[in-house]
Amino acid sequence: MMKKIVLFWVTLLFTGYLFAQTPNNEEKKAFIDDLLSKMTIKEKVGQLRLVSVGGNLTLDKVLDQIEAGEIGGIFNTVVEPDLTYMQDRALKAPNKIPLFLGFDIIHGHRTVFPINLGIAATWDRDAIAKAAEVSADEATSDGLNITWAPMVDITRDPRWGRVSEGFGEDPYLTSEAGRIFVERMQKQVLSDKKSLVTTVKHFALYGAVEAGREYNTTDMSERKMFQEYLVPYKKAIDAGSRAVMVSLVSINGIPATGNHWLLTEVLRNQWHFDGVVISDHGAIRELINHGVASDAKDAVKVAIKAGIDISMNDEYFLKFLPELVNEGVLTEDQINDACRHVLELKYDMGLFNDPHRNLDPKLDIETMFADNRLHREEARDVARRSIVLLKNKDHLLPLAKNKKIAVIGPLADSKRDILGSWSGAGRANLAVTPLEGIKKAVKNPNLVSYAFGANLSDDPQLFKFLNLYEITTKYDERPADKMIAEAVKVAKKSDVVVAFIGEAEGMAHESSSRTDLSLQASQKRLIKALKATGKPLVLALMNGRPLTLPEEYQQADAMLETWFLGTEGGNAIADVLFGDYNPSGKLPMSFPMNVGQIPVYYSYLNTGRPHGTENMGKYTTSYFDSPNEPLFPFGFGLSYTDFTIDFSLSSNEMTPDGQIVVTANVENTGDKAGTETVQLYLQDVTASVSRPVKELVGFENINLKPHEKGEVKFVIKPEMLKFWNDKMQYVSEPGKFNVYVGSDSTTKDKQTFTLLDK
Ligand code: NOJ
């Protein structure tokens, strides 16, 4: 009873607090109406321009344009004094409208967390929340007030380099991660000093580009869009994200940036989104290349009419929007609408009251990048939860701390790579490499020896590509066989070999699609030579996407997926290698056996001729030269202990407004404490449209001591049974449902219930 009373008062007080913080709508409207009435068309257009310093646009030019009221937001500056001067100049403009100060805060800010695919691999809502919260804390401490995250594009094609920035192949897992990012970064109250406005991106379907080729076309049925790919954007918007970034690709023939159906009919009219819609970098101009605009002026018209508010890296809005209004091609009301979205957001952020929020003009660069501003403990904890144990023959891992260890490979001591892509405000010199982490963790660092072993690749073209703008990837000029010989020598003197292989961070980034997902020949040769020494071989993968590794899986005695783990990566890897942390990560994306299987994902539709082994699989949906199954399935990840899971349903029938409780009994049958992620999948067996063989609808973590038993409960609610039916209505249909509970998506442990008509 007491508890209930306390809860009542806490809820009441919190609601009261929120109410007090929520700007009064009438006041807001009056303020903005008044402001709009004073603004010239040029100033209104200025609010629709996001600009960054660079190229011809020098800092001085940007400052002048800001003072003229011609810029609404700037991005890519993370130096506080510069940001302060920019905001100062905005307050000298005729209507003194403060700027958005934006930056890509994708997986950390000063402290770099694992890449988002790694964050998703934690399958741990608290860990995801920690990464998002710390990122927003650090970014707002730097005076930033808006970011271009989270990216919630569903990704099922690892040839696309940007899979590293998302949360994987599954709508539910991605939606959960996206929701948590929005809640923890943006917060409930935008005028909170720690609130960083989120921009969910890339709306929409960027991750489904044909052949995984960057910026390519997407073509998809509306059912698949609404059922799967659009879900995470919608969830992020429902969680309150006040900005949306539009994807660079065309969707069913119409570029997203000029797509009225997507940006207005779906986003504004169906989803009631009332925030700002931002184009991606240079996307307005690209409408000409897409072939839907004849020239730059036409492109501006197409974008505004479709529903774009803000032009990122704007080149043409200022030049053409006033002209288009003068000529009567666009109405001033159309500009007012877009400008109102911007001003409303700035008002809700409290920028008009406190434009210099968190800015300190005296902060010098050294202090800004100082180690003591980092959140190392949080980063290490999330990083070790991201690591996925893929193989552990004869319990090779964890290693004893008194063994002689050979640490080998082109990625073993690379400070830049471990940060991963999109880590612009991070500093490589502050990162801990695997070699450093391992040396710190062992009893005697002299027992750890190191060899580079091989260049990341033999291909000079790849190095040119990676080092185009700055030298990020080291090329060792020594002959390849000499480097291998050195590595073999080091391996032979040791008890165990830990090889760090995979990709350079620049290979898993924007504009880094691949057709071949195997390791580079140079690394394959190195592994072969290390294997030939007969020493136990641990392969630690560093990569930003699923790779095809059937051969390496055979060669390795143990295999760890470590992604790009960020600032504390090396320490996190050591925690797992030596068993100070028992690995608990699970794959957020299937790892194909070969490129020909792509797209390979767990939630496929059954066919009329399901895959089978009868008649050698002939006349069933199969390949004759490859299995259908991926090498590692979605949701997969081992532990240093073993778990068993069985489960029961509270009923085998459910009324349309009822619910079913799923109780999973989990037992740690091994000798080490560990964490298991219990996964709940559903299948609608018969419906008016074919439904996936399995869909993730829930997951929970449970920590168990050796031989301890525990329980996890899920509730199946009517909402979870809904789908887009044959008439494109979002409904559930009565009939049989299969429930699967297990430790990965291949679980066959099944129970059944019937959804009743009434
Ligand atoms: C282009 C990328 O597609 C987008 O994700 C990013 O936010 C912007 N550039 C700004 O850096």
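Values quoted throughout were computed directly from the atomic coordinates according to the rules given, and no laboratory measurement underlies them. All values reported here derive from a predicted model rather than from experimental measurement. With ideal geometry, Cβ positions are generated from the backbone for all residues, glycine too; neighbour counts draw on all protein chains shown.
Of the GluC sites (Glu not before Pro) found in region 454-538, those that fall in a DSSP loop while having at most 12 other beta-carbon atoms within 10 Å are GLU470, GLU477. Relative to the Cα centre, the charge distribution of region 643-755, modelled as +1 at Lys and Arg Cβ and -1 at Asp and Glu Cβ, gives a dipole magnitude of about 160 debye.
With each label modelled as a point 7 angstrom along the Cα→C-beta vector, the ASP625-ALA30 pair spans 7.4 nm. Taking each residue as 0.36 nm, the span from LYS319 to GLU366 lengthens on full extension beyond its C-alpha to C-alpha distance by 13.0 nm. Restricting region 403-474 to trypsin sites (Lys or Arg not before Pro) that sit in a DSSP loop and have at most 10 other Cβ atoms within 10 Å of their own Cβ leaves LYS443. Take every Cα pair under 8 Å whose residues are at least 6 apart in sequence, average their separation, divide by the length of the chain, and the relative contact order is 13 percent.
Inter-part distance, region 597-659 to region 160-221, computed on C-alpha centroids, equals 26 Å.
Across region 730-747, computed HN-Hα scalar couplings (Karplus, 6.51 cos²θ - 1.76 cosθ + 1.60, θ = phi - 60°) run 8, 9, 10, 10, x, x, 8, 10, 9, 10, 10, 10, x, 9, 7, 6, 8, 3 Hz from first to last residue, x flagging Gly and Pro. Computing Rg and the Kirkwood Rh from the Cα coordinates of region 697-758 gives a ratio, Rg/Rh, of 1.08. Residue order for ASP274, ASP394, ASP642, ASP157, fewest other beta carbons within 10 angstrom first, comes to ASP394, ASP274, ASP642, ASP157.
I need the Debye-formula profile for the chain: one equal scatterer per C-alpha, no solvent, reported as log10 I(q)/I(0) at q = 0.06, 0.08 1/Å, two decimals. Relative scattering, expressed as log10 I(q)/I(0), comes to -0.38, -0.69. Counting only DSSP beta bridges with both residues in region 32-156, the antiparallel share comes to about 20 percent. Residues ASP192, ASP516 in ascending order of nearby Cβ atoms (within 10 Å, fewest first): ASP516, ASP192. Could you let me know the centre-to-centre spacing of region 29-84 and region 437-485, using Cα atoms, in angstrom? Answer, in whole Å: 45. For region 643-755, the relative contact order is 32 percent, taking Cα pairs closer than 8 Å that sit 6 or more residues apart in sequence and dividing their mean separation by the residue count. Using R0 = 25 Å, the C-beta based FRET efficiency linking ARG373 and GLN188 works out to 0.45. For region 519-541 versus region 305-336, the spacing of their alpha-carbon centroids is 57 Å.
Its Kirkwood hydrodynamic radius, worked out from the mean inverse distance over all distinct Cα pairs, puts region 229-281 at 11.3 Å. The chymotrypsin sites (Phe, Trp or Tyr not before Pro) of region 621-716 that DSSP puts in a loop, and whose beta carbon has at most 15 other beta carbons within 10 Å, are TYR623, PHE624.
When only the Cβ of Lys, Arg, Asp and Glu is charged (+1, +1, -1, -1), the dipole of region 385-589 relative to its Cα centre reaches about 660 debye.
Based on the Cβ-Cβ distance of LYS672 and LYS440, what FRET efficiency does E = 1/(1 + (r/R0)^6) give at R0 = 22 Å, to the nearest 0.05?
0.45
For SER250, the residues whose modelled amide H falls within less than 5 Å of its own, excluding neighbours fewer than 5 places apart on the same chain, are THR218, ALA256. Taken about its Cα centre, the chain carries a charge dipole of roughly 1560 debye when the Cβ of each Lys and Arg holds +1 and the Cβ of each Asp and Glu holds -1. Of all beta bridges DSSP finds with both residues in the chain, what is the antiparallel percent, to the nearest 5? Once the DSSP bridges in the chain are tallied, antiparallel ones form about 55 percent.
Can you sort TRP261, TRP148 from fewest to most other Cβ atoms within 10 Å of each residue's own Cβ?
Working: TRP261 15, TRP148 24.
Neighbour counts put them in this order, fewest first: TRP261, TRP148.
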